[in-house]
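What follows is calculated from the coordinates using simple rules that are stated; it is not laboratory data. Quick caveat: nothing in here was measured; it's all calculated off a predicted structure. All Cβ positions, even for glycine, are placed from backbone atoms using ideal geometry, and neighbour counts span all protein chains on display.
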Amino acid sequence: MKRLRFNLGRGPWYKMWQIKYDDSDRVDYYNPDIFTFIIKNGTLNNKRKVAEKIYNGANKTVCAFISFNEGDFGELDSINLAECTRIYYNPRICPHWTDSKNKINLDGYTGDIVINGKDLYIIQN
């Protein structure tokens, strides 16, 4: 299992995508300016109690990530992002994963996800 999150910790990897590999100590970082990643069957994870504390004014800390087994760097040639649902996570604004239109709670959603730069999309099947 792998975990993808946006790193907001100060230091050389600030504002970079981070992939952690559960089966080792390996951690890779990627510049969002050139990052395109397609996840198959990823799950949107959120530590809801931590997110609610941040929503209510506490300092930010790690509380959300995408877990997955299969993902690949790729071109978006076969994916029309206009047909995908854009999703967000910012616990200052909303304490759960959400979409841009309906503002529904997407915590625990499992499906194909595209990361293009800093933007995240759910691929509609």
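General observations
- Under 25 Å from the Cα of residue 49 - lysines, other chains or at least 8 residues apart: 2, 15, 20, 60, 101, 103, 118
- In this structure the amide hydrogen of residue 35, modeled in the peptide plane, comes within under 5 Å of the amide hydrogens of 117, none closer than 5 places in sequence on its chain.
- The chain: relative contact order as a whole-number percent, Cα under 8 Å and 6+ apart: 27
- Scaling against 2.2 N^0.38 Å puts the C-alpha radius of gyration of the chain at 1.03.
- The label point for residue 14 and the one for residue 104, both projected 7 Å from the Cα toward the Cβ, are 3.8 nm apart.
- Gain in span if fully extended, residue 83 to residue 1, counting 0.36 nm per residue against the direct Cα distance: 26.7 nm
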